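Colleague: The structure is given below, and queries will be raised subsequently.
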Amino acid sequence: MKAIVGSPASWWRVALVTVGVLGLLSGTHRLTFYTSQTTVVALGYFGGVLYWSVRRGTSDPAAPRLRGAVTLWIMITMLVSHFVNNHGENPLPGLVDPDPATALVNRSTFLLHYVLPLMVLADWLAFGPRRVTRWSDLPLWLIWPTAYVVLSVFRAFAFPTAENRYPYGFLDPTEGGYGSVVVGVLRLAVGISLLGAALIGVDRLLGRRSAPAGSTGPAPDQAATSPAA
């Protein structure tokens, strides 16, 4: 227990879960949106990590290979929100909107679209275990974003009068047809794949730097961790 109380990783993850909960509770977030789903997944994962850390007496996360997937999924939330939905506009002015209700909504969105993803990314960069994730994990990481797109399009067909029929503009064929949707999704898939590869590459680079000289095995902080998720 002392190891958990004194662990920067554990305290960081407590703060991360707190930010996610505050973001969800301070706004209206429907589960049809990818943001809400990734937030719930991230909270479930890091909440589970904290629980098992206390049970096992170590700050090393359970299911360490899943941490990479969660990091990629939550980073997709931030990048799509900033560059696709907001067209790269600065979100900070909205935090001090003169209308208190609007400001509260903007702050909730800011927590989930920016603060939480950056905290998860910082967790990936700052804490181990290293070199647990495999390059072969990357295709598995893409299953859920792909499934989300497919199910969103199917939902639009099956329930044409549903609220938020197309949760994101790039899924809406109204103006450019389904050809534009396919092109947009393919571009997004390429970007996500490159981002996932970058996460794995950085993890391996950090693991190599932290490994003892001449060592070809796992990094020291990984020694007691099983490679299985």
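Colleague: Taking Cα pairs under 8 Å and at least six residues apart, what relative contact order does the chain come out at, in percent?
Modeller: Relative contact order comes out at 25 percent.
Colleague: Hey, another quick one. Just check the stretch 114-158 against the gyration tensor rule for me: Cα atoms, a ≥ b ≥ c as the square roots of the eigenvalues, rounded for a/c under 1.5, and otherwise prolate or oblate depending on whether a/b exceeds b/c.
Modeller: Oblate shape, in that a/c is at least 1.5 and b/c is the bigger or equal ratio.
Colleague: Between Thr28 and Arg204, 0.36 nm times their residue separation minus their Cα-Cα distance comes to what?
Modeller: 59.5 nm
Colleague: Could you tell me which label, among (i) 14.6; (ii) 16.7; (iii) 13.6, carries the value of mean projected area of the Cα convex hull in nm² calculated for this structure?
Modeller: (i)
Colleague: Test of understanding: express the Cα radius of gyration of the stretch 9-92 as a ratio to 2.2 N^0.38 Å, with N the residue count.
Modeller: Ratio of Rg to 2.2 N^0.38 Å for the stretch 9-92: 1.20.
Colleague: So, R0 is 45 Å and r is the distance between the beta-carbons of Ala122 and Arg165; what FRET efficiency does that work out to, to 0.05?
Modeller: Efficiency computed from Cβ-Cβ geometry: 0.80.
Colleague: If the only charges are +1 at each Lys and Arg Cβ and -1 at each Asp and Glu Cβ, what is the size of the charge dipole of the chain around the Cα centre, to the nearest 20 debye?
Modeller: Here the chain has a charge dipole of around 900 debye.
Colleague: Starting with the highest mean, order 151-159, 128-136 by the number of other Cβ atoms within 10 Å, averaged over the residues of each peptide.
Modeller: The packing order, highest mean first, is 128-136, 151-159.
Each reported figure results from applying straightforward, stated rules to the coordinates on display, with no laboratory input. On a predicted model such as this, the values are computed, not experimentally measured, just so you know. All Cβ positions, glycine included, derive from the backbone under ideal geometry; neighbour counts span all protein chains shown.
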